[in-house]
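Inspection log for the structure reproduced underneath, given as structure tokens.
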Number of protein chains: 4
Amino acid sequence: MVSGMPRSTCPEPPRKGRTGRPRSAEADAAILRATRASLVDLGFSKLTMADVAARAGVAKTTLYRRWANKNELVVDAVAVLFDELELPDRGSLASDVEGVVLQFATLLEQPETKTALMGVVAESTCDDALRARIRSAIVERQKRLVVDGRRRAQERGELPREEDPRAADRNTDLVFDVVAGAVVHRVLVSAEPVDEEWARRFTLLLLSGIGALSG
Amino acid sequence: MVSGMPRSTCPEPPRKGRTGRPRSAEADAAILRATRASLVDLGFSKLTMADVAARAGVAKTTLYRRWANKNELVVDAVAVLFDELELPDRGSLASDVEGVVLQFATLLEQPETKTALMGVVAESTCDDALRARIRSAIVERQKRLVVDGRRRAQERGELPREEDPRAADRNTDLVFDVVAGAVVHRVLVSAEPVDEEWARRFTLLLLSGIGALSG
Amino acid sequence: MVSGMPRSTCPEPPRKGRTGRPRSAEADAAILRATRASLVDLGFSKLTMADVAARAGVAKTTLYRRWANKNELVVDAVAVLFDELELPDRGSLASDVEGVVLQFATLLEQPETKTALMGVVAESTCDDALRARIRSAIVERQKRLVVDGRRRAQERGELPREEDPRAADRNTDLVFDVVAGAVVHRVLVSAEPVDEEWARRFTLLLLSGIGALSG
Amino acid sequence: MVSGMPRSTCPEPPRKGRTGRPRSAEADAAILRATRASLVDLGFSKLTMADVAARAGVAKTTLYRRWANKNELVVDAVAVLFDELELPDRGSLASDVEGVVLQFATLLEQPETKTALMGVVAESTCDDALRARIRSAIVERQKRLVVDGRRRAQERGELPREEDPRAADRNTDLVFDVVAGAVVHRVLVSAEPVDEEWARRFTLLLLSGIGALSG
DNA sequence: GAGTAATCGAGACGGTACGTCTCGTCTTGTT
DNA sequence: AACAAGACGAGACGTACCGTCTCGATTACTC
């Protein structure tokens, strides 16, 4: 992902300001690590706060002092994984798209990512606060991949410059839903592998479609 | 959905054959109805077997006699909703696709559908049996919408006949993942509405892309 | 026990009178046998109607057609064991008493007897109908051992004839409570064996005490 | 009962030693009180852990944290009642025995005592751990009444000093089984009242018998 | 370097749902 | 009618987590 991005996912801050024993930064890291490990072993729905605490060598109180509940903890534990996604410069828009699709699929095929992502998305269907946290911690951050990709293609002359910024936004959202949706659906619902051949055919479909939108 | 489809989702059958009191068909229906009602009120993760039983006017034992656990029950309760999807004949492929996209979005915006679908998909990331049940009860059944749509477009002359049946299958799968994935992502992850304008732009993208695949 | 005693313990009779298929006598016997077997294996509190039915090769309905509940069934299944008790003629009152005490202890040390007897007595503390059934099926039948023993001792001249029949009854009850109570307490509460030495010392205590009552 | 006796019945202690929130002593007391109340209202076999918890204003978990099951809980709840038994000094052995017999009968006629005592004794026929708990919490504690009574009678010169301590123990056990057994059988099995007249006649029988043993 | 205040581990607490078990009744078709 | 089979409503079982609450014991800043 684009570097220099400020970390938005962090445990909620201590209330007041100054005095008293400061929170252990080691504990923070150990908890997030333990959460990911527990996700791998148990999956989202069987993960328990007590198990995470035990793995992290920490008391349950220490978890609840930082995160209000399991959902928020899991979002934060997983969000950092998405920061690894980067837009490679492979010389052409098509190659760049194929590269991102394969990266994204690789990420989704890791057990901790897929079980956590779908778990929190499922919870978010009934929990507005959680949905907001997912959007800010994960979705909006990924969307930059689309924006940067288009900008780079425009610099190469592969895509025309957008004139209407509103239309540009609409297209960003559409393309993002198509790319992320197709990969997620392929991996998690259809449960079929995303290999180079699939990535190539998907990219062909996508870029032809985008061309029709712009033209 | 295509009519005449046999119902595949049903509680597991009594073991032997003939003797003893037969299971109540009313109870079956009441339980599935109660499950959907409970999904609307509580969401997937807060739905409890006891609550479903109480709503259905049935003992908990009666639930467990038919379904091994909450996941399987919810899959069956929701699968029937997808049977409502139909491929309308609006005179052109583009109109047909727009129609199906809007129907699908409407279905996903119902609280019982979205919370249940994501809930069971999340569970299925750690449960192969559940994933298989979802595929047979939901995914494979929906895929016929793509097959029928292409056949109809070919009859109209909007699409060329496929020569290689393997390529046809691959394209069916790709198109299905793109359509279902984009709509699901739009509705559940991006949490933006699927209106006629979005459907039109998505269809434009999709059909241009399909044209490139075939041509 | 005294022979020629009419069997008082039997399943409740069919309601009306004549028509329809007659009840299976084999089932009656199989059920009582199965009840005793289940008592040995599981104890009173873990014995279940379904288990008894399965052991007897009979449907649960068949049990409930004959006995109102588990307590009544167990009383009947066990009562018959007490019919084995007999008053041997060993030539002297002391020897007769020792013999009966040892017989009774042997009976109580069988697992089916002890678990069943205490189980139903425990239930009877809250169930008048059950207490009545226990009294008629077990207690009153055993009491004849005391009556017969005294009569025989009087015939031998070991005990004086009672003049007041009311006093005789009172003494019968007292002696019965002392004998049965002491043996039951020794075996079930103190959990110590009733051997010949204990029987001799108990008999010495008892007969001296009886002498004081009569003299 | 003899005063100054240390309370031996208590919930199982927390495992380790020092850390963590200590167990609530109020909860302990409330649970034992609630258990006795539930015994009175429902009897042993219908008493449920959930009902006890509700009466005590305590969660079910709190019960299971202290007692492994209903039997152990009931033993502890009832054992304390037997501590009330005392050996009165009425000036003669006969009077003392009559007093204890009447006290014991009064205790056994209370519904919570009789239903609980027989209930746990019944269970103990299949449960060695429970039998051991009953012996240590109830039986052995009561036996001191016999020991103290004999010592006092010897001090008064009503009974000879025992020379052989083994014989003394054997007689203690025998007398205890006779006294406790007779009263329990009279009250719970024969279901007849223990009044002053019965106590007088029983004491006459017992003391004459004891005299024969010693002489 | 004494106080103060928030941290830490541990584990008990009141709740609630789980999935299993048994109860005693009922509904089938068969004998 | 009685029978075997087994579904049914009811509700207790003992376990597992939840998120909160005491405890006593550490830290760091502040005075």
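The values are calculated or read from the model by the stated rules, or taken from the named source; none is laboratory data. These figures come from a predicted structure and were not determined experimentally. Glycine also receives a Cβ, built like all others from the backbone with ideal geometry; neighbour counts cover every protein chain displayed. These accessible areas exclude ligands, DNA and RNA; they are computed on the full protein's heavy atoms, side chains included. Shrake-Rupley method; radii C 1.70, N 1.55, O 1.52, S 1.80 Å.
Below are the figures for this structure:
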{"quantity": "Centroid-to-centroid separation of the range C:102-161 and the range D:184-213 [C-alpha atoms, Å]", "calculated": "17 Å"}
{"quantity": "Rel. contact order, % - alpha carbon contacts under 8 angstrom, at least six apart, the range B:25-66", "calculated": "45 percent"}
{"quantity": "Cβ-based charge dipole, the protein assembly as shown, positive-most Cα from A:VAL97, C:LEU87, D:SER24", "calculated": "D:SER24"}
{"quantity": "Kyte-Doolittle mean at least 0.0, axial Cα span of 20 Å or more - DSSP H helices of chain B", "calculated": "B:25-42, B:93-109, B:165-184, B:196-214"}
{"quantity": "Å² of accessible area per residue within chain B, as computed with a 1.4 Å probe and no ligands counted", "calculated": "47 Å²"}
{"quantity": "Given charges at Cβ of Lys, Arg, Asp, Glu: the range D:35-194 dipole, positive-most of D:GLN110, D:TRP67, D:VAL175", "calculated": "D:TRP67"}
{"quantity": "Cα-centred dipole magnitude for the protein assembly as shown, charges only on beta-carbon of K, R (+1) and D, E (-1), debye, nearest 20", "calculated": "400 debye"}
{"quantity": "Those lysines that a straight Cα-Cα span of less than 26 Å connects to D:LYS70, excepting residues fewer than 8 apart in one chain", "calculated": "B:LYS60, C:LYS46, C:LYS70, C:LYS114, D:LYS16, D:LYS46, D:LYS60, D:LYS114, D:LYS143"}
{"quantity": "Relative intensity, log₁₀ I(q)/I(0), of the range A:25-77 from a Debye sum that treats every alpha carbon as a point, q = 0.22, 0.32 Å⁻¹", "calculated": "-0.68, -1.56"}
{"quantity": "Relative contact order (%) - chain C, alpha-carbon pairs under 8 angstrom, separation at least six", "calculated": "23 percent"}
{"quantity": "Shortest-first nm distances, B:ALA168 label point to equivalent points in other copies (7 Å, Cα→Cβ)", "calculated": "4.4, 10.5, 10.6"}
{"quantity": "Shielding by partners, peptide B:201-208 (average Cβ within 10 angstrom, other chains)", "calculated": "6"}
{"quantity": "Within 10 Å of each Cβ in D:133-145, the average number of Cβ atoms from other chains", "calculated": "1"}
{"quantity": "Solution diffusion estimate, µm²/s, Stokes-Einstein, the protein assembly as shown, Kirkwood Rh from C-alpha pairs, 20 °C, viscosity 1.002 mPa s", "calculated": "62 µm²/s"}
{"quantity": "Simple Cβ-charge dipole of chain C, Lys/Arg +1 and Asp/Glu -1, about Cα centre, in debye nearest 20", "calculated": "1140 debye"}
{"quantity": "Solvent exposure ordering (accessible area, 1.4 Å, most first) of C:SER24, C:SER124", "calculated": "C:SER24, C:SER124"}
{"quantity": "Burial order of peptide ranges D:86-96, D:32-42 (average beta-carbon count within 10 Å, highest first)", "calculated": "D:32-42, D:86-96"}
{"quantity": "Equivalent ellipsoid semi-axes - Cα gyration tensor, chain A, angstrom", "calculated": "36, 20, 15"}
{"quantity": "Structure-based [θ]222 nm, chain A - -39500 (n - 2.57) summed over DSSP H runs of at least 4, per residue, nearest 500", "calculated": "-21000 deg cm²/dmol"}
{"quantity": "7 Å along Cα→Cβ, label-point gaps from B:PRO22 to other copies, nm, shortest first", "calculated": "3.6, 6.7, 7.4"}
{"quantity": "Average other protein chain Cβ within 10 Å of Cβ, residues A:119-131", "calculated": "6"}
{"quantity": "Label 7 Å beyond Cα on the Cβ vector: D:ALA50 copy-to-copy distances, nm", "calculated": "0.7, 1.8, 2.1"}
{"quantity": "For peptides A:133-146, D:145-158, B:161-174, sequence by mean Cβ density within 10 Å, most packed first", "calculated": "A:133-146, D:145-158, B:161-174"}
{"quantity": "Residue of chain C nearest the C-to-A rotation axis [by Cβ], rounded angstrom distance", "calculated": "C:LYS46, 16"}
